[in-house]
Every structure is written in C-alpha cells, then in structure tokens.
1. Could you list the square roots of 5 times each eigenvalue of the Cα gyration tensor of region 1-129, that is, the equivalent ellipsoid semi-axes, sorted largest first and rounded to whole Å?
2. Less than 28 Å apart at the alpha-carbon level, and either on another chain or at least 8 residues along: which lysines does that give for K165?
3. If the viscosity is 1.567 mPa s and the temperature 4 °C, what Stokes-Einstein diffusion coefficient in µm²/s follows for region 106-264 when Rh is the Kirkwood radius over Cα pairs?
4. Show me the trypsin sites (Lys or Arg not before Pro) within region 25-90 that DSSP assigns to loop and that have at most 16 other Cβ atoms within 10 Å of their Cβ.
5. Roll a 1.4 angstrom probe over the protein heavy atoms and tell me the percent of accessible area of region 24-89 that is carbon or sulfur.
6. Keeping all protein chains in place, calculate the accessible area per residue for the chain (probe 1.4 angstrom), answer in Å².
7. Using modelled amide H (1.01 Å from N, peptide plane; none on Pro or chain starts), what sits under 5 Å from the amide H of N262, excluding residues fewer than 5 places away?
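The values are calculated or read from the model by the stated rules, or taken from the named source; none is laboratory data. As the structure is a prediction and not an experimental result, all values here were calculated from the model. Positions of Cβ are generated from backbone atoms using ideal geometry, with glycine treated the same way; all protein chains shown enter the neighbour counts. Only protein heavy atoms, including side chains, enter the accessible area calculation; ligands, DNA and RNA are left aside. Shrake-Rupley method; radii C 1.70, N 1.55, O 1.52, S 1.80 Å.
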Amino acid sequence: MMLHTFQHNGLSLQYYDNQQEGPVIVFQHGLTGNHLQTRGTFTDGNYRLITLNCRGHGDSDLGPLAELSISTFADDVIALLDHLQLRSASVAGISMGAAICAVLIARYPGRINSATLVRPAFHRKRAPEIQQVHCLVANYIEFYGPEVGLKHFKETESYETLARKSADNVNSLVAMFAMDPARVVPLLKMIGMGDPCFDAKAIRQAGIPLRVIGTFYDEIHPVRKAEIIRLDLGIASVDIAYPKILNRDRYNQDVTAVIKSNLV
C-alpha cells in the first residue's frame, strides 16, 4: 500500500509514500488537490515520492476550521517528516503547495535541502486577486448548493474570462462543485483569505537551492507571479514548463526534469 495515515495533534492525516529506494522528494499538492496531482506530475518512479494530503484533502481529517492555513499545513509536513524519521528532504509544491514550501524554508531551514515552487499563486499579500475566484466558488456553493451554484457560477464574468483564457483553470473550478461542501467551502475561504506567511528575507537567508516554474495559458498561476517571486528571492530565472492545457505529458516531463535537477 502506498497510502498511509499517521496521527498528529489528534487528527488522522493521510500521506502517499511510494517507498522507493531513490532520492526523497516531498511534493505538495494544490488547493483541493491531493496525492494524485503530485503522482501524475512527477513521473520518474526511481525517486521516493512523498505527499501529505493536507487537512481536508484526500482522506485527511479537516480538523478545526480556525487552524486551516498554509502555516498549519507546513507544520503538518514537518510532523510527517518526523513520523517517517527523515531529518531533511528536498521539497516541491504546486500552487498552494509552493506556498507551503516557502513557509517550510523560512521556518525550518535546517530540514529543507532544496525547493521547487511550481506555478506559484501566493506571495506576500492575503487574498491575491488571482485567487479570489476560489472564494467566489465557495460562496456559490454555500449560498445555492453545488448544483444551482455551478449553474450561477457559469453565468459570471469570472467564469467567462477563465473559460476563454485558461480552460484548465475552469475545469479545476468546476470540479470543486462536486466535492463535499463541508470540506471544500472552508478550505477555499480560509486558504484563499488567509496569511500566506511568505518571508522572503528568511527564505533568502536559508541559502538553499531554489527554482520556480511557470507556464502559460494559466490565469490563476500566471508567469508574472512566478517572475515576481523569482525577483523577490533572487532566483536567476523562471523555468518555463510547456503549457499543461496544450500537452499535459510534456508539461509533466518539464516539471519533473526541473525538480530532479534541483534535488540535493
């Protein structure tokens, strides 16, 4: 079995571990994603791939709503490393997972060997404009219920714009209406409006190898956000992955190659 659970702060948290003998990579999923996202993106089976299904994701307990945050999720990752008796690891993360990685570097620099931020969306400010559509989705689910809420969401300018510019983003948002409202609504609101805890000074001082990956045709994770983060952290350049919407396999190969090249 590659899926396991461990107990942390009274909660049952699920994680994926392929238990391979190769180098370890802890790869964190995006908001409302899970280990299937990271498994599908990192395609080299010769590495030990570990993903914590964050609270409320996969079969991990949701826990107290007030504790749902990028900061808490980062602490949970460290608890998983402790559970697995891993003193340190290289990390990567997609979107929210990238924000988790940023907190890990700043807060636990001695535990992180290297980090790859994939399609980052969170930076210094709460509620980034490009993430506010998640709160909109939460409101439609909460106020109208999933079925009627989806119908009304499809009538919004936000939906129309994203459908025109990034079909992949729209598909992800539509999928949220099929999730358990008791879990997805608080997650979208608390993470979407919460403090990303991005400490650029501490990240730079950690001095670990850093890469940031962007891709085109992605309005929720625009290359311009990756570029802003690159400049803030002093990274030489943004690695560009082939657009997922045009060729998912090629996108996965590009992301896998960058993560592997950055492992320590």
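1. 20, 17, 14
2. By straight Cα distance, K165 reaches K125, K151, K154, K189, K225, K244.
3. 76 µm²/s
4. Passing sites in region 25-90 are R87.
5. 44 percent
6. 43 Å²
7. none
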